[in-house]
Structure formats: C-alpha cells, structure tokens
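The values are calculated or read from the model by the stated rules, or taken from the named source; none is laboratory data. Since the model is a prediction, treat every value here as computed from it, not as a measurement. Cβ coordinates were reconstructed from backbone atoms using ideal geometry, including for glycine residues, and neighbour counts include every protein chain displayed.
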Amino acid sequence: MASLLFLPHTARTPTPRAATPRPRAAGTVTCGPRDNRGPLQRGRSLSTEAIHAVQSLKRLTAADRSPSSARGAASASLGRLLRADLLAAMAELQRQGHWSLALAALHVARAEPWYRPDPELYATFVSSSPSSDPAAGPAVDALVEAFLDEKETRGVGGRVAAPSEGPWEGEDVYKLTRLARALVAKGRARAAWRVYEAAVRRGGLEVDEYMYRVMARGMKRLGLEAEAAEVEADFAEWEARVSPPARHVLDEMRARGEGSETATAAASSL
C-alpha cells in the first residue's frame, strides 16, 4: 500500500467572490431628464437655434405673460428663426402646454413673407387650447376671426386672390374639415359655423360628405338646431347633384352582373 506521502499534491483553486457594489456617495447625480419636458417624438426634431429661442422666450416671459409682453418677447426671441425652426418652436410650445406663448409665436409668423392662412395650422391651435382656462374659448373665437380675415385678404397660398377667383378656391377640404371638427370638439359652435358659412355657403368651396356630417351632427349636439337644418339642406342639395352619376354607374354594374348570371345559368342548363 502506497504511503500517503507519495500522493500528488493538488493546489486549491480559490473560489471567486461576488463583486460587492460600491456604496453610492450622497448627492450622486444619475442620468435623467433635466426638466419636465418629455422626450421628443419620432419625426420631430428641434434645431439648436429653435431650442435656444424657446428657452429664451420662456425666460423673458417668466414674470409677465400678458399678451403684449409675450408678443414682444416672441418677436425678440423667434424673429430671426427660419420657417422650419419657427414652426417647430411653435409646435413645441403647444406640446409643453404654453399655449399663450405659442399664440405669440403665431403672431411672429404672420409677419413673415412665407406665411399663409393654413387651416391645419389653426386646427392644431384649437385642439391644443386648454379646456380648463375660461379665457381660452374667447381666444379661440378671436383666432378663427383672424383666420377668416386673412383668407379674405391673402387668399390661397399666401397670395392676394385675383378678382376673378374667390379666396377659398383651391383650399384643402381635409384641412378645413379638421379645423371644423376641432372647433366642434371644443364646443365652439359659433366659430365652427362661421368657418362653414364663409367657406362653403358664401365661398362656394366644394366639400365632401364627411364635412356635412361633421357640421350637421356638431350643430345639433351643441344646440344650434337652425344651423344644423341648413347644413342638412346643403347636404341634400349636394347629394342630389353628386349622387345621380354614381347611381348610374352602379346600375350599369348591376345590370352587367345580372346578365352574366343569366348567361351562366343558361349554359349550365344545356
């Protein structure tokens, strides 16, 4: 029997210890947002100039956000921005809930040569207006009046309309419907009716069935029964003018279908 003295000696491998986390020092700053703004959404980016302009506007109006003060500060902060930066700054102010400052930015945009009275732009302002602020409703009504005045003077595309064409000729019906729908959603029935009356009834803009339905249902829901009846009458007139050609096409398709079924039945009986 071999002695135990001659057995090979094996060295013990040390067991690795789990790394103990270092204690965090008091006052350590972790990664996180530096203010209350949410992350930028996909498809929207602010340039450095636009970010600085928004921050400057908020600093200048921190103590006084009256309309006159906000307009002066917006002119000083945003007046040198390019079109894309000014529109992005305007949208960012609405997203952060600074609706009055966004209105001041819109006042700056109105003085630019590229500006045009776009109903989609005004629809975003109506949709972002604070419902809890009692002053927001009259401000929305004034915003609509300014939009209609601009349409009368500038026409479509920011140019002065020729005497032979109306200011609503060539307007995007989808954008106008979006503005009317936003006004109805905010309960501004009179403002929505002003837009419909100016564009459709007096302006002669050819709209689609969806616009009529939005206005008829909205006027009924908001208590304007007489205006709702007028919209329904306009819709009936439009339907009588537009539907017969479509109905004629459907009748032809139905006749062709019935003829093919009769031919198939006759061939199968042989």
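Quick notes on this one:
- Checklist (1) farther than 26 Å from residue 127 by Cα; (2) surrounded by 12 or more Cβ atoms within 10 Å (Cβ to Cβ) applied to residue 237, failing item: (2)
- If you go through region 75-107 and keep only what is among the aliphatic types (A, V, I, L, M) and under 19 Å from residue 140 (Cβ atoms), you end up with 90, 91, 93, 101, 102, 103, 104, 105, 106.
- Residue in region 117-139 that is surrounded by the fewest Cβ atoms within 10 Å (Cβ to Cβ), counting only those that are aliphatic (A, V, I, L, M), at pLDDT below 95 and closer than 16 Å to residue 190 by Cβ: 139
- When the residues of region 108-132 are filtered to those that are over 15 Å from residue 78 (Cβ atoms) and among the hydroxyl-bearing types (Ser, Thr, Tyr), the one that is nearest to the chain's Cα centre (by Cα) is 124.
- Any chance residue 263 is at pLDDT below 95, outside the structural domain of residue 132 (by TED's automatic domain parsing) and either more than 29 Å from residue 138 (Cβ to Cβ) or touching a Phe, Trp or Tyr at 6+ places or on another chain (Cβ under 7 Å) (or both): yes
- Counted residues, region 182-198 - those being in contact (Cβ under 8 Å) with a residue 40 or more places away in the chain and either in a helix (DSSP H, G or I) or of a type in the set (Asp, Glu) (or both): 8
- Matching helices (runs of 4 or more DSSP H) fully within region 69-155 where at least 3 residues are in contact (Cβ under 8 Å) with a residue 60 or more places away in the chain: none
- Some residue of region 214-221 being over 25 Å from residue 130 (Cβ atoms), touching a helix residue (DSSP H, G or I) at 6+ places or on another chain (Cβ under 8 Å) and modelled with pLDDT under 95: no
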